[in-house]
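First the structure, in the form of structure tokens, and then the observations on it.
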Amino acid sequence: MLFIFDMGGVVTNTFLLTQLYKKLNITTEDFYKLCSSGEHDIWNLFQTGKINPQQFWTQFNERVAASKDEKYKNVPVVENDLFRLYFHPSKNLETVELIQQLKKKHRVVCGTNTIDSHWENHMERGDYAFFNQTYASNKIGCAKPDPHFFELILEAEQAAAEDTFFTDDRADNVAAAASLGIHAELFTSAAELTEKWKIYF
């Protein structure tokens, strides 16, 4: 059996970048709206590893400067990688315990959407060390909920969808995995998931 875990909101607790948006004088919604405006969605390019943090913030600054929308007039020029500075997630120790139990008999990997800034932080903290392998969007060039994200993992792991289990705290990602025949569970708590998967220990 192959088990795939999302990272943020599952292995680490959901981390809201409130400090970042406060620094930028912008709402979460308007931040992503700005990222997706224009010819390219720079957030998607960032989380699929096609641009680095410096390129992201350079293009973000350019979009702010070019915008005629009043809501962006007080957004400061970004000179540091705010995603790196303000990212401080905490581990969900119950999920870590579940992973360790499953690893005694099965292959357990991480399938996560992330950016270089957060990848570096997770590496420093050892968050990926709980897994046999990590498949991150910024490294494999594809992000959830694109079903191809899961196809790449199945191909790499030489695993069949019907022999694969996945959990994520986002319903759209769960639906994408399920569309391929993967046994997908919406993550609500480690205790609930442990109860569902304890037969595999």
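The values are calculated or read from the model by the stated rules, or taken from the named source; none is laboratory data. If you're wondering where the values come from, they're calculated on a predicted model, not measured in any experiment. Backbone-built Cβ (ideal geometry, glycine too); neighbour counts: all protein chains shown. Note: accessible area is taken over every heavy atom of the protein model, side chains too, but ligands, DNA and RNA are not part of it. Shrake-Rupley method; radii C 1.70, N 1.55, O 1.52, S 1.80 Å.
Among the candidates His106, His40, single out the residue that is within 30 Å of Glu195 (Cα to Cα) and either without any contact (Cβ under 8 Å) to a residue 40 or more places away in the chain or open to solvent by 30 Å² or more (accessible area, probe 1.4 Å) (or both).
Criteria check complete, one pass: His106.
With Lys139, Lys144, Lys196 as the choices, which residue is among the basic types (Lys, Arg) and over 28 Å from His88 (Cα atoms)?
Details: Lys139 fails: over 28 Å from His88 (Cα atoms); Lys144 fails: over 28 Å from His88 (Cα atoms).
Result of the check over Lys139, Lys144, Lys196: Lys196.
Pairs needed: first member in segment 66-78, of a type in the set (Ser, Thr, Tyr); second member anywhere, open to solvent by less than 60 Å² (accessible area, probe 1.4 Å); C-beta distance under 8 Å; at least 6 residues apart or different chains.
Pairs found: Ser67/Leu34; Ser67/Ser37; Tyr72/Ile26; Tyr72/Asp30; Tyr72/Leu34; Tyr72/Val64.
Please name all residue pairs, on different chains or six or more residues apart, with Cβ atoms under 7 Å, provided the first residue is in segment 182-201 and is touching a residue at least 60 places away in the same chain (Cβ under 8 Å) and the second residue is open to solvent by 60 Å² or more (accessible area, probe 1.4 Å) and of a type in the set (Asp, Glu).
Final answer for the pair search is Ala190/Glu94; Ala191/Glu94.
Does segment 158-173 hold any residues that are closer than 16 Å to Thr112 by Cβ and in a loop (DSSP other than H, G, I, E, B), and which are they?
If the condition is that a residue be closer than 16 Å to Thr112 by Cβ and in a loop (DSSP other than H, G, I, E, B), then Asp169, Arg170 are the ones that fit.
Being open to solvent by 20 Å² or more (accessible area, probe 1.4 Å) and of a type in the set (Ser, Thr, Tyr) is the filter here; which residues of segment 111-169 pass it?
Within segment 111-169, Thr134, Tyr135 meet the criteria.
Mind checking whether some residue in segment 52-68 is touching a Gly at 6+ places or on another chain (Cβ under 8 Å), closer than 24 Å to Asp127 by Cβ and of a type outside the set (Val, Ile, Thr)? Break it down into steps so the answer makes sense when it comes.
Taking segment 52-68 and keeping what is touching a Gly at 6+ places or on another chain (Cβ under 8 Å), we get 63.
When the remaining residues are screened for being closer than 24 Å to Asp127 by Cβ, the result is none.
No, there is no match, as no residue in segment 52-68 is touching a Gly at 6+ places or on another chain (Cβ under 8 Å), closer than 24 Å to Asp127 by Cβ and of a type outside the set (Val, Ile, Thr).
Here is a yes/no grid of residues against (1) of a type in the set (Asp, Glu); (2) open to solvent by 90 Å² or more (accessible area, probe 1.4 Å); (3) closer than 30 Å to Thr194 by Cβ:
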residue	(1), (2), (3)
Met7	no, no, yes
Thr14	no, yes, yes
Lys22	no, yes, no
Leu45	no, no, no
Gly49	no, no, no
Gln55	no, no, no
Ser67	no, no, no
Tyr86	no, no, no
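If Asn173 satisfies every condition in (1) over 21 Å from Ser90 (Cβ atoms); (2) more than 15 Å from the chain's Cα centre (by Cα); (3) touching a residue at least 40 places away in the same chain (Cβ under 8 Å); (4) surrounded by 17 or more Cβ atoms within 10 Å (Cβ to Cβ) but one, which is the exception?
(2)
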